[in-house]
1. If R0 is 30 Å, what FRET efficiency do you get for A:Gln128 and A:Asn148 from their C-beta distance, rounded to 0.05?
2. If you count, for every residue in A:110-120, the Cβ atoms of partner chains within 10 Å of its Cβ, what is the mean?
3. For n ≥ 4 DSSP H runs only, could you compute -39500 (n - 2.57) per run for the protein assembly as shown, divide by its residues and tell me the 222 nm figure to the nearest 500?
4. Between the range B:35-82 and the range B:318-333, what is the separation of their alpha carbon centroids in Å?
5. Go through the range B:168-179 residue by residue and turn each phi into a ³J(HN,Hα) via Karplus (6.51, -1.76, 1.60, θ = phi - 60°); whole Hz please, and just put x for glycine and proline.
6. May I ask you to derive the FRET efficiency for B:Thr100 and B:Asp223 from their Cβ-Cβ distance with R0 = 45 Å, giving the value to the nearest 0.05?
7. Considering only DSSP beta bridges whose two residues both sit in chain B, what percent are antiparallel, to the nearest 5?
8. Pick from B:Ala339, B:Ala323, B:Ala352 the residue whose mean-square fluctuation is largest in a GNM of chain B, springs joining Cα atoms under 10 Å.
Amino acid sequence: MPDPGTTAIIEVRALTKIYRVGVETIHALRGLDLSIARNEMVAIMGSSGSGKSTLMNMLGCLDRPTSGAYHLNGRDVSRMNARELANVRNEEIGFVFQSFELLPRQTALENVELPLVYARGGWRGRRQRALAALDRVGLSKRVDHRPNQLSGGQRQRVAIARAILNNPSILLADEPTGNLDSQTTVEILALFRQLHAEGQTVVIVTHEDEVAAHCQRVVRLRDGRVLSDLPIAQDTAGRHLPAVRAATAEVGVPAHAAAQAAAHTAAHATEQGGGETC
Amino acid sequence: MLNPLFWLQAISLAFSQIWANKSRAFLTALGIIVGVASTTAVIAALTGLKSKVLAEFESVGASKFFVFPDRPDNAPRNMYPWEKILLKPAEVRAIRDECTLVKAVTPITEVGLDVESGDKRIEGITIAGIWPDWHMVQNRFVEEGRPFTSIDVDSERQVCLINGDAIKELDLPANPVGEAILIGGRRFLVVGIVETTQARFFGMNTSSAEIFIPFSVAEKMQDRNFFMRIEGMFTSPDVAEQGEDEVRFVLRRMRGLAPSDPQTFQVAAIDKFIEQFKALATGITAIAGGIVGISLLVGGIGIMNIMLVSVSERTREIGLRKAVGATPMAILLQFLLEAVTLCLVGGFIGIAIGRLAAFGLTQIPGAQLEQADVPFWAVVLSFAFSAVTGIVFGMFPAIKAARLDPIEALRHE
Ligand SMILES: Nc1ncnc2c1ncn2[C@@H]1O[C@H](COP(=O)(O)OP(=O)(O)OP(=O)(O)O)[C@@H](O)[C@H]1O
Ligand SMILES: [Mg+2]
């Protein structure tokens with residue numbers, strides 16, 4: 001496990017999720033283990049249907065596992081009721097969606113303020129806090145715009161400002177750049193890196209190696225299990241990094257990383273769609 | 001638990017939701033608007049009618065009583081012929097002489113006669129035969145001249161009292177005291193002018209020519225079996241009950257009725273009428289309340305329907321709110337508040353329309369509804385009913401919203 005010395009924010013053991021659709025049973029997660037430490041920046045990758053979104057929804061307390069344990073900041077989340085989970089989502093988690101999920105009739109500022117509406121206290125100074133969050137994502141000039149008056153990248157910035165408003169323990173983003181062009185993707189990733197540099201723990205689900213290359217660590221899923229969990233330098237996504245590119249050119253790819261990469265490529269080639277029902 | 005910011009945004013969201021779907025909200029609230037408006041108008045009309053009628057009763061005098069002939073229920077006609085049950089002059093004298101709780105009493109008999117004054121002749125004026133106590137019983141005194149006295153009755157004097165309308169119709173001088181007129185061909189001396197009072201039951205008999213003569217004289221001008229009624233006054237409204245018993249006792253004895261015999265007359269004190277009328281008014285108000293209940297039920301089902309639509313339209317929004325930390329309770333309250341707001345807005349419009357209708361009622365000439373008004377309790381009740389409708393019928397959609405699974409809701413569409 002990487003970073004064994006630091007305290008774990010997320011501690012997941014033997015997590016399973018089974019969906020039942022009619023007579024079919026779909027094992028979206030099959031005994032997944034994962035721990036994420038404070039101030040890490042982790043990319044979760046894997047082919048379509050490998051269970052990335054399912055895992056993210058569990059981590060974000062939006063969904064409950066079928067079995068397994070999930071400790072968030074040392075608290076056993078899997079035993080909480082709907083109200084307690086709501087409070088955890090409000091106070092500990094910032095979630096960024098691929099499709100932004102902004103309220104269309106509200107301004108950027110009002111959208112960012114939304115978590116304070118449901119806060120258990122400390123709603124005072126909400127304007128300043130929301131403005132500060134918008135400032136952090138570089139949108140202080142667009143506070144009174146409605147979502148349809150903003151570009152895709154700006155909308156995602158509003159969504160990120162909303163996610164970081166309550167200073168969450170962890171910022172979860174499920175394909176945050178999936179709806180954005182490459183230029184905007186670069187900007188949004190720079191924003192995530194900036195937040196990470198400011199001390200924020202970040203988990204990003206992505207399909208793109210370029211995106212994963214911005215993270216310190218890459219967790220690859222396959223069939224609802226962790227396929228590989230490596231520091232970026234050892235993951236194939238790392239070949240996009242200039243430093244890694246230079247290093248591998250000199251020494252060659254480390255043996256086990258190369259094997260992982262080969263396995264990964266094979267998985268991509270043969271098991272597109274994860275072998276599960278679509 | 002829920003902070004002030006939540007309530008602030010919940011209320012503003014409820015209103016903006018209504019505003020964003022104005023026509024839909026209006027159509028939905030129509031049931032409530034119509035229900036509240038019609039009930040408000042009915043209550044206003046009843047309130048107006050009630051205070052008007054009670055005021056009239058009041059002006060008649062709360063200690064007043066009436067006696068009139070009455071055939072017992074289900075009794076064969078031949079056993080109780082009309083002649084037998086008609087009130088007799090001897091009976092009213094007995095009431096006057098023997099009933100200690102009766103302060104004043106008068107027989108009243110009416111006869112239609114032709115009246116002449118100079119060249120002027122009016123046919124078939126109603127002439128009333130009365131006792132001097134009539135002044136006190138009816139609370140009507142003379143403006144000019146003198147009232148009747150017992151001497152007028154005892155010595156069967158050919159004197160009369162007339163009112164202003166009769167003076168006009170007969171072309172008499174403004175002060176006709178001392179003039180003579182012909183009533184049924186007999187000469188009568190006008191001794192006084194009786195004041196015309198506005199307060200007559202339900203506006204009947206308003207302003208018309210009235211001529212009064214002593215009862216003893218009228219008796220002579222009537223047929224053998226003539227109709228008379230008795231009006232009287234008890235010493236105070238508090239003794240009305242005992243007073244009635246007294247009158248009943250005297251009359252039964254006069255008529256030789258055995259204790260088992262049914263009564264052949266009715267004694268009624270005015271307070272009975274007041275009570276009956278109040279009961280009637282309360283009954284009608286209750287029925288109006290029932291109607292509002294039904295219309296609110298119908299309106300409530302509309303509210304429930306539109307709230308269900310709203311919940312399913314906004315499933316994604318609910319999912320997002322849950323994702324950023326809305327508890328099930330917060331979502332529940334949000335939607336309940338929306339339903340209640342919708343109902344309250346409907347109730348408010350309904351009350352406004354009802355008030356307008358009430359004002360319209362006061363403007364209808366002759367409808368006796370000048371005092372129609374929406375009482376405060378009706379406003380409070382309408383709002384309370386509307387709010388309860390919102391809570392009751394908003395509950396199911398709100399629970400549905402609160403129970404939505406956050407991730408299912410976010411995946412919706
Ligand atoms: N609500 C659901 N009901 C039934 N099956 C589901 C549901 N959600 C996900 N699944 C199934 O679970 C598996 C994992 O889905 P998941 O969305 O986690 O994949 P993913 O890794 O996020 O894929 P993608 O990269 O395409 O987003 C898939 O086979 C999917 O069909
Ligand atoms: Mg996904």
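FYI, it's all coordinate maths here, none of it is from the lab. Treat the numbers as computed from the prediction; the structure is a model and nothing was measured. Virtual Cβ from ideal backbone geometry, glycine too; neighbours counted across all protein chains shown.
1. Working: r = 26 Å, r/R0 = 0.87.
Given R0 = 30 Å and the Cβ-Cβ separation, E is 0.70.
2. Taking all residues of A:110-120 together, the mean is 6.
3. Working: 23 runs with 329 residues, N = 691.
About -15500 deg cm²/dmol.
4. A separation of 59 Å, based on Cα centres.
5. Listing the rounded values in order: 5, 5, 8, 6, 7, x, 3, 10, x, 4, x, 6 Hz.
6. Values: r = 34 Å, r/R0 = 0.75.
After rounding, the FRET efficiency stands at 0.85.
7. Details: 34 of 43 bridges.
Counting DSSP beta bridges with both partners in chain B, the antiparallel share is about 80 percent.
8. Among B:Ala339, B:Ala323, B:Ala352, the largest mean-square fluctuation in the Gaussian network model of chain B belongs to B:Ala323.
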